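Please read the structure below before turning to the comments.
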Amino acid sequence: MAVSNFLLVLSLSCVGLTFSVSIIQNEFQDLKNGQEEIKKLLKEVLYQFNKTENTTQTPKKSLNWSQFGSTLLSVNKLTFKDQEKVLVEVELSHTRQTEVGWIVDSTIIGANEYNFGTTSTGKENSTLYTIWCSTSVEFLELISLSTDNFITRYNIDVHVNALNAKKYYQSVCQGAIDDINSTSVAAYFRCLPELDSKDSWYQRMTIYAKYEEENEIIFNFLESEPNPYVNVTYERNSTATGTVVFSNRALEKFKTFLFLDSQLTLNLNDVVRSITYRYLQDISPENTNDEFGFLESIPNQEPLEGERVTISCDVLGRNHPPVRVERDGMTISETGDVYITSSRSTLWTTSYVTYLHASKEIEGNYTCVADGKSREVFPLYNIELKPRVRWDLMYDANVTDESKHLVLEGSEGLDVSCSKFDNDTVVVFDKGQRMTLTKRTERLEVWIPRSSQELEPYSMWHISCTATDKNGENTFELYL
């Protein structure tokens, strides 16, 4: 199996070079005089490289290790409680060709976007990436993407106990993927400091495949449990190793389009929750030039008016053309309220459209379009503004056996009506209450009574409900 030469679903690469001391020395030799603590850490890394370069337990076969995508030097978090703001500064060292961006909740943001509070400042041998974000942010990551498809994701804990936290790091990892024989492939990661099997880290792999004559890519996380198509084993040593054995049937199905995404996650559990390294390679038994496919996109779950909405379009393959997101067959233009960005490596491209404030105007049918030798259109999903049911909040309230809690969110005029499914009898709610969420949205909570016969063991009450607001309606069913 020839091994020739990824982001989220996402879920974000330089020609593979052998990891050598000279690269690191050239990268860090002129650090500023004021960075004394970082200097000490890097000297220790260089010492360990010299010490272990020829002795690290790696596979006997000589491997083409990826060049590291980026190295984390420090993270500084400052919390301004009176302003409900957090300032996060991340210092990275990386090659000039490396792309860097942020993920804030579900929004992809470039490294220098004034409207989003992001900036980058170049230093002699590193870059300082800064972002201002709200204390309400739940998910924050800084991602680097090198041209040879090596991705590094730094997950930042905005809510770490200390209001202000600064920490220095010295972790460097790189990956390799190589064939063992015609039906087996192995993925490796090695790091400095070396991996320790007693530490908190794990490796996982994903395969991306496509049937011939189809343009949709399927993907599957590889687990250790055997199955008729793929067997997987993982080894926790100083070099993390994952081995995949394919059946002949699987290789025949996907012989011209098979990609392996290998991932290593180090759990740090401090201001940086974790670092994930990802390395994507083409492991197809046969290569067809210019073959690519689309990945199915996961839509935003029922956006409300005023919320931020991101639509993504992902393409994987060889020599794939540029891609873009369209609405109702029309090109979307960037405006003050519409933000468009993209990321690209030799195998993977993602295009993003973000609406800063959702409104009726964003409703429509979204597609992913690739303009190559011919125009190829892949359906994404339809966006419609309407009330949404907060299923996750319906089990937290003080609910008794006599009532069922129903939670809805929507725009102005939010209301709900329910009836029995079998005879259309209108349901009279026990009580209801409203609360304002934003200047555009509100939450409505109602308690649905249960009649005495429904309290018997294993009984079930089937009702139909319709929630409405000024933008639309949402019909759903409940079983009490």
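The values are calculated or read from the model by the stated rules, or taken from the named source; none is laboratory data. Since the structure is predicted, the reported quantities are computational estimates derived from the model, not experimental observations. Methodologically, a virtual Cβ is constructed for each residue, glycine included, from the backbone with ideal geometry; neighbour enumeration extends over all protein chains shown.
Okay, here's what the table says:
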read-out: Test: residue in the range 322-342 that is of a type outside the set (Gly, Ala, Ser) and under 30 Å from Ala186 (Cα atoms); value: no
read-out: Residue match in the range 72-81 (condition: among the β-branched types (Val, Ile, Thr), in a strand (DSSP E or B), modelled with pLDDT of 85 or more and farther than 30 Å from Ala187 by Cβ); value: yes
read-out: Tally, over the range 190-213, of residues that are assigned to a strand (DSSP E or B) and over 30 Å from Pro285 (Cα atoms); value: 2
read-out: Among (1) over 28 Å from Tyr355 (Cα atoms); (2) within 22 Å of the chain's Cα centre (by Cα), the one test that Asn76 misses; value: (2)
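Okay, residues lined up against (1) assigned to a strand (DSSP E or B); (2) surrounded by fewer than 19 Cβ atoms within 10 Å (Cβ to Cβ); (3) modelled with pLDDT under 90:
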position: Glu302; (1), (2), (3): no, yes, yes
position: Cys313; (1), (2), (3): yes, no, no
position: Arg324; (1), (2), (3): yes, yes, no
position: Ser343; (1), (2), (3): yes, no, yes
position: Ser351; (1), (2), (3): yes, no, no
position: His357; (1), (2), (3): no, yes, no
position: Glu361; (1), (2), (3): no, yes, no
position: Pro379; (1), (2), (3): yes, yes, no
position: Ala397; (1), (2), (3): no, yes, yes
